[in-house]
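Report on the following structure.
The values are calculated or read from the model by the stated rules, or taken from the named source; none is laboratory data. Bear in mind the structure is a predicted one, so any value in this text is a computation, not a measurement. Glycine gets a Cβ as well: all are built from the backbone with ideal geometry, and neighbour counts include every protein chain shown. Note: areas computed on protein heavy atoms with side chains; ligands, DNA, RNA excluded. Shrake-Rupley method; radii C 1.70, N 1.55, O 1.52, S 1.80 Å.
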Amino acid sequence: MKIIILGSGGVGGYYGGLLAQHGQQVTFVARGAHLEAMQREGLQVHSVHGDLRLQPVRTVASLAEAGAADLVLVCTKTHTTDAALQGIAACLCAETMVLSLQNGVDAARRIGAQVGIQHMLGGATWLSSAVEAPGVIRQVSQFRRVVIGELDGRSTPRLQAVAEAFRPTGITIEVTTEIAKVLWTKFVFISAVSGVGALTRLELGEFRHVPETRDLLAGLMGEVEALARAQDIILDPGVVEQTLAFVDASAGGIKPSMQRDVEAGRPFELEAILGVIGRLGRDYAVPTPFAEMVYASLLPVLLKAGGACAHP
């Protein structure tokens, strides 16, 4: 399968490296020092599941250089999506699939508006991985899971083809007929740990058992569950308790990608991870005070880093 990795950082670099290692034709879209290092020295992955090094690797600076693909895997940060998609028309043919593994719950809709919704698959991933140095990916979580599904809930041959491409890599790959439920279940987790992690600037293990902070985590998770229910997306009973149990079982040293960006002084995914909760809360008359408090606390940090908010 011809696969383009759009965004070759922690998620794209890791999954793209595994896919290339197991025989897929992978092209990495990267930029700056990361691109130069990959062109010069290949791609290195240091992982709790085993290291790998690919040299040479096919790398390009833009989609316009990448050529046609069977699958475009979108792994950029959500706030860079529009710029990153420039030139994607050159990669699309009638059968090309586009799969976003970005954070949040509306990536498929936003990307589909640009590429055509018929190309889109829904997807979610659970992974802790980051660029350690140019050309080097560090993956630290025991979990490395990808779930994919058609937006309309069908089971299709193209879904199975993507799953078969991933299967030899050793990651957990699942096909679902309920991708909206999967995305919102993940969102219960990622919005809370990203927001609270970015506020505290501490590793997960340092704040998850502090009673007052745990109440904040649980409160934010409950707001996301209520928003899903308001849209007739029914999550599993006890999803907040299950998510807290997942938090407790996760490695204590984990920091979500949004938190790492905050600590580094970079623009970060505030709108996709927290801003959207308040906006949907107003649309569906669901109170979201926890999410809006965390959003308001982090917004000045985003603006100082040169990011932009979705509304004044």
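Structure data summary
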quantity: Dipole magnitude of region 122-259 about its Cα centre (Cβ charges: Lys, Arg +1; Asp, Glu -1), debye to nearest 20; calculated: 420
quantity: Among Gln139, Gln86, Gln102, residue whose mean-square fluctuation peaks in a GNM of the chain (springs only between Cα atoms under 10 Å); calculated: Gln86
quantity: Debye log10 I(q)/I(0) for region 22-113, one point scatterer per Cα, at q = 0.14, 0.18, 0.20 Å⁻¹; calculated: -0.58, -0.94, -1.12
quantity: Rg ratio (alpha-carbon, reference 2.2 N^0.38 Å) - region 34-83; calculated: 1.36
quantity: Residues of region 62-82 with amide N under 20 Å of the 7 Å Cα→Cβ point at Ala305; calculated: 75-82
quantity: Whole-angstrom gap from region 217-268 to region 150-216, using each part's C-alpha centre; calculated: 9
quantity: Geometric extent, Cα atoms of region 129-232 - Rg, Dmax (angstrom); calculated: 17.0, 48
quantity: Whichever aspartates and glutamates have a C-alpha closer than 18 Å to that of Lys304, once near sequence neighbours (fewer than 8 apart) are set aside; calculated: Asp261, Glu263, Glu269, Glu271
quantity: Cross-link pairs beyond the 23 Å C-alpha cut-off, checked among Lys2/Lys255; Lys2/Lys181; Lys186/Lys255; calculated: Lys2/Lys255; Lys2/Lys181
quantity: Contour excess over end-to-end distance, with Cα ends at Gln21 and Thr213 and 0.36 nm allotted per residue; calculated: 65.0 nm
quantity: Region 191-312 - Rg over Rh from alpha carbon coordinates, Kirkwood radius; calculated: 0.96
quantity: Spin-label model distance (nm) - Ala245 vs Ala83, 7 Å beyond Cα toward Cβ; calculated: 4.3
quantity: Amide H partners (placed H, <5 Å) of Val26, local residues excluded; calculated: Ile3
quantity: Per principal axis, descending, Cα span of the chain in whole Å; calculated: 50, 39, 38
quantity: Under the span-like rule (Cα at least 20 Å along the axis, Kyte-Doolittle mean at least 0.0), DSSP H helices of the chain; calculated: 179-200, 211-230, 289-304
quantity: Length added when fully stretched, Ile233-Arg282, from 0.36 nm per residue minus Cα-Cα; calculated: 15.9 nm
quantity: Region 116-224 - percent of accessible surface contributed by carbon and sulfur, probe 1.4 Å; calculated: 53
quantity: Computed Kirkwood radius, in angstrom, where 1/r is averaged over Cα pairs of region 21-176; calculated: 16.4
quantity: Among Ala264, Ala163, Ala84: highest mean-square fluctuation, GNM of the chain, C-alpha pairs under 10 Å; calculated: Ala264
